[in-house]
Amino acid sequence: MGKVIQISPITRIEGHAKIAIHLDDRGDVRDTFLHITSLRGFEKFVEGRPAEEIPRIVTRICGICPWMHHLAASKAVDAAFGVTPPPAGSLLREICQLLAHISDKILHFFFLAAPDFVLGPDADYSVRNVMGIVKAAPDLAARIVKMRQLGQMMLERFAGRAIHPVAGVVGGFSRPMLEQERQELLRDAGTLLDFSCYALDFAKDTVFAKYMDVFQEMGTITTGFLGTVDRTSGALRLYDGRQRLMKADGSCTNFEGDSYTDHIGEHVEAWSFGKMPYAKSWQEGFSLDPAAPAGIYRANTLARINVCDGISTPRAQAALEEFRMAFGRPAQQTILYHYARLIELIYVCERVMELLQRPEVTDTRIRAEAGPKAGRGVGIVEAPRGTLIHDYTTDRNGCITKANLIVGTTHNIAPMHMSVKQAATSLIRGGVYDQGILNRIEMAVRAYDP
Amino acid sequence: MAVRAVLEWLNSCSGCEIAILNIGEALIPLVSEHLDIVHAPILMDHKCLGQCGEGSEIEIPEADIGIVSGGVANTEHLEVLLAMREKCRLLIALGTCATHGGIPALMNGQGLGEGIKGVFATSGTDPCSVPDVGVPAALDRVYACDEKVRIDLFLPGCPPNPALIAEVLTAVAQGRDPVQPGKSVCDTCQVLREGKGAVSKVRRFLVNADYNAEEPVQRMRCLLEQGFMCMGPVTAAGCAAAGLPPSCIRVGVPCRGCFGPVRRDGNQMLDMMNALASNGIDFKSVVDRRSLLRFSGAHGLLRQIRTRPVRERG
Amino acid sequence: MGFEPKIIAFCCNWCSYAAADLAGTSRIQYPHNVRIIRVMCSGMVHPELVLDALSHGADGVMVIGCHLGECHYQDGNHKALARSDMITELLDDMGYENERYSISWVSSSEPDRLARAFTNMTERIRKMGPVDLQNPAGQ
Ligand code: SF4
Ligand code: SF4
Ligand code: SF4
Ligand code: FES
């Protein structure tokens with residue numbers, strides 16, 4: 001028996017996970033495991049609760065993307081109770097979702113992932129972090145801190161809370177948008193759009209040019225992709241649309257959210273609390289072997305950018321065209337998650353400005369009256385980390401009897417596991433490794449933004 | 001001299017950590033001058049099992065202050081918490097999960113073990129057993145941190161208010177006692193209160209409260225007086241941003257108690273039910289009253305209800 | 001045999017505690033298992049006191065006030081009664097059998113009625129056995 005290297009915990013990600021790399025006697029990689037170590041059991045303890053309370057309970061699944069859970073649950077409970085929010089209600093929800101995407105993308109790219117690029121993957125661990133960026137590039141640091149905060153404060157000003165929100169309610173939204181607020185939000189969204197264009201340029205210079213090779217030598221995996229697109233145009237959508245599952249060869253099937261169980265299965269391995277969704281409808285089973293994967297698809301930014309037919313806003317569309325010219329469709333390299341993330345950042349800024357200019361956004365009819373009912377509802381939104389599915393069944397009193405949740409990150413657990421295996425196998429040979437190599441293996445995980 | 005700080009998260013959602021980041025620009029001088037963060041999984045790469053993965057026991061560096069978020073639900077959380085206690089001079093429980101169990105302690109109402117089994121038996125999941133290889137084993141229930149180790153400072157909130165986090169960190173760095181609110185959410189709520197009124201039942205939040213968003217919140221009638229369940233009376237103050245009403249009330253949504261009980265060892269369900277009963281409001285109109293403990297189900301307050309045994313007579 | 005329950009009785013100053021006094025002076029016997037705590041009015045007994053008593057080792061808790069309509073603070077015992085239904089339900093939530101709690105009314109001139117209430121409660125709890133703090137609802 002060879003030794004086991006434990007990367008514990010994986011750092012600069014959201015959540016609790018570790019990597020175990022098992023070496024054989026020669027010091028080559030025999031096997032690797034991505035252990036997801038946390039499990040809180042939301043699917044079970046929401047049972048019995050009044051459904052209208054669920055959107056403000058499930059936010060605690062993730063403090064980085066609470067808005068996504070808040071809104072997916074709101075949509076699911078709407079459907080279970082058979083109510084449709086008035087147009088302004090849906091608009092306000094989507095605006096909040098977009099604002100939350102903005103802060104999240106800045107957080108992920110600049111606070112969590114960028115230290116590897118700005119300071120280098122081999123920099124000492126004590127400086128390879130956002131505090132290190134504060135010291136090494138104070139102007140950049142001041143700007144990113146300010147921009148992320150701006151996104152959070154826009155949410156807080158309008159919706160009361162940025163973290164663990166409450167303003168999305170069954171039937172719509174809890175408060176209307178005032179004209180003055182609309183103008184302020186529009187102004188601030190403009191500032192963020194400028195920043196997001198800068199961010200993509202910055203990354204093209206400092207990240208993709210330099211680090212494509214680093215990622216290349218870690219090996220690649222080839223998978224399908226899952227995302228959400230507009231029902232008519234096939235354009236990228238985050239709040240509403242239909243789901244599109246793409247095979248590695250580029251062929252696609254579309255489906256409506258409430259039939260997700262026909263397309264997606266959830267597989268469990270004994271070494272991880274994270275369930276691994278897979279494409280059941282491909283009827284090829286489930287295999288994590290990087291050489292012959294089965295049922296494996298990816299979600300999150302790169303997936304969305306791959307499955308969509310286009311983007312409905314001009315600057316993001318231009319960036320998408322450039323991206324496709326360079327990397328084709330579907331693009332498979334894991335590092336391109338970062339690239340796709342920044343294209344999406346431009347899209348969300350543009351889209352938020354577009355929505356804020358719709359006349360009905362300040363309408364005061366924001367919530368349809370709902371009554372407790374027996375029913376079932378599936379609510380899907382695109383979270384920063386992937387397609388987020390909330391599925392609830394209610395009883396006569398409108399209390400939850402059954403819940404199934406597929407959280408964005410989980411779609412990528414199987415692919416992350418495979419990427420880790422690829423990276424470890426190609427980077428560790430004959431028992432030779434150091435901190436820099438182990439960090440590169442973690443970078444494969446960080447690209448997915450788990 | 002900067003104080004050495006370590007951050008850890010247990011059965012948590014990372015919202016507490018985001019709340020720290022939401023201190024905003026004031027964070028930059030805090031981390032570059034006052035605090036020397038030497039371990040914080042969300043932000044930096046110090047590992048618990050050695051930088052090259054060679055260690056076998058959890059190792060946390062010595063520090064002046066330790067900040068821990070999340071409750072304790074498995075053996076790994078417990079090990080990390082014990083290591084934190086051993087290495088930190090001052091240990092701060094950050095967030096309601098750490099101080100009172102938080103939302104994950106809702107699991108205590110059905111039993112942690114049972115619940116976990118249920119999670120892996122949902123209809124969408126392929127048949128499997130509960131994972132047990134390389135993943136930590138669950139404890140018997142979800143605990144608040146002070147049930148397992150001594151905690152020096154409690155900073156509740158789900159998430160805590162960034163301004164209060166900043167106050168606590170600055171105070172600790174300056175070696176003084178932090179100023180923390182000691183009242184209830186209602187005490188910080190500026191809505192219009194007209195007295196008990198004619199409320200005889202509490203309603204579910206299925207329609208919006210009656211208010212005009214163009215007017216200041218001082219013109220909105222208290223939500224409890226409008227007949228909605230609002231937990232302001234039995235919840236610790238602290239969520240309101242300076243000068244503003246409590247953060248849910250501000251957008252017309254009733255309080256659900258996320259800062260935990262007003263007195264640290266209070267019981268939010270009991271206090272709320274008592275407040276209703278003493279005011280002649282039919283307590284049976286509360287649907288699912290156990291979820292009044294949704295933020296504070298640790299400390300043995302939320303328990304599994306089983307069908308009662310028939311006891312032998314005589 | 002063997003198990004001797006501990007029972008806490010909150011008695012209001014004006015009626016039930018006076019009755020207890022009278023029971024003493026008239027040498028009326030009641031079980032030694034009952035520990036009386038005098039409160040000014042039954043309406044003062046916060047539900048938390050009931051739970052605190054149970055979680056600190058009491059096996060049963062009684063609240064005893066003046067007859068309805070005779071409370072010396074007008075409606076204190078009505079308040080106590082309104083709460084009492086609630087306490088009964090909540091005890092189940094908290095994992096205690098609700099029979100461990102009782103409320104009753106005794107005037108200052110009814111020492112035997114008080115003694116009977118004490119005896120009945122003691123017998124009831126004796127049959128139930130002690131609170132199992134590890135798993136209060138029993139299994
Ligand atoms: S207290 Fe709230 S914000 Fe903090 S970890 Fe717990 S659920 Fe998340
Ligand atoms: S609205 Fe809620 S928090 Fe405000 S005073 Fe009324 S009960 Fe208290
Ligand atoms: S109003 Fe209540 S639930 Fe809302 S943030 Fe404040 S304490 Fe939490
Ligand atoms: S004084 Fe006896 S019950 Fe109020």
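Values in this text are rule-based calculations from the coordinates and carry no lab data. Fair warning: this is a prediction, and the values are worked out from it, not measured in the lab. Counting neighbours? That spans all protein chains shown, and the Cβs are built from the backbone with ideal geometry, glycine included.
Structure data summary
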item	result
Peptide-level mean, for A:24-35, of C-beta atoms on other protein chains within 10 Å	1
More than 25 Å apart - percent of Cα-Cα pairs taken over chain C	23 percent
For chain A, the longest site-free run once GluC sites (Glu not before Pro) in DSSP loop states with at most 13 other Cβ atoms within 10 Å are removed	A:1-255
Cα long-axis angle, helix A:179-203 against chain A (0 to 90 degrees, to the nearest 10)	20 degrees
GluC sites (Glu not before Pro) restricted to DSSP loop in region B:20-114 with at most 14 other C-beta within 10 Å	B:E54, B:E57, B:E59, B:E62
Expected 222 nm ellipticity per residue - DSSP helices of 4 or more, -39500 (n - 2.57), all of chain A, to 500	-13000 deg cm²/dmol
Protection proxy ranking, peptides A:54-61, A:323-330, C:121-128, average beta carbon neighbours within 10 Å, highest first	A:54-61, C:121-128, A:323-330
Ratio of Rg to Rh over chain A (Cα coordinates, Kirkwood Rh, two decimals)	0.96
Efficiency of FRET from Cβ geometry, A:E321 and A:E256, R₀ 25 Å, rounded to 0.05	0.30
Approximate shape of the protein assembly as shown as ellipsoid semi-axes (Cα gyration tensor, √5λ), whole Å, largest first	51, 31, 26
Chymotrypsin sites (Phe, Trp or Tyr not before Pro) lying in DSSP loop within region C:1-71, provided at most 14 other Cβ fall within 10 Å	C:F3
Approximate shape of region A:271-428 as ellipsoid semi-axes (Cα gyration tensor, √5λ), whole Å, largest first	33, 27, 12
Rg over Rh, two decimals, region B:3-174 (C-alpha only, Kirkwood Rh)	1.00
Exposure proxy ranking, count of Cβ atoms within 10 Å, fewest first, for A:T253, A:T232, A:T387, A:T261	A:T232, A:T253, A:T261, A:T387
Taking N as its residue count, the alpha carbon Rg of region A:171-276 over 2.2 N^0.38 Å	1.56
Residue range of chain B that is longest and free of trypsin sites (Lys or Arg not before Pro) which are both DSSP loop and sparsely packed (at most 10 other C-beta within 10 Å)	B:1-149
Packing-based order for B:126-133, A:433-440, A:86-93, A:198-205, using average beta carbon neighbours within 10 Å, highest first	A:86-93, A:433-440, A:198-205, B:126-133
Backbone HN-Hα couplings from phi across region B:287-299 [Karplus 6.51/-1.76/1.60, Hz, Gly and Pro as x]	7, 6, 5, 5, 6, 5, 9, 5, 9, 9, x, 6, 6
Inter-centroid distance (Cα atoms) of region B:92-156 relative to region A:156-200, Å	33 Å
Cβ neighbours within 10 Å from other chains - mean over B:287-299	3
Rg over Rh [alpha-carbon atoms, Kirkwood Rh] for region A:84-218	1.08
Share of pairwise Cα separations in chain B, more than 25 Å, in percent	56 percent
For region B:181-303, the fraction of alpha-carbon pairs in successive 5 Å shells from zero, as %	2, 12, 22, 23, 22, 13, 5, 1, 0
Exercise: per-residue mean of other protein chain Cβ atoms within 10 Å, C:102-115	0
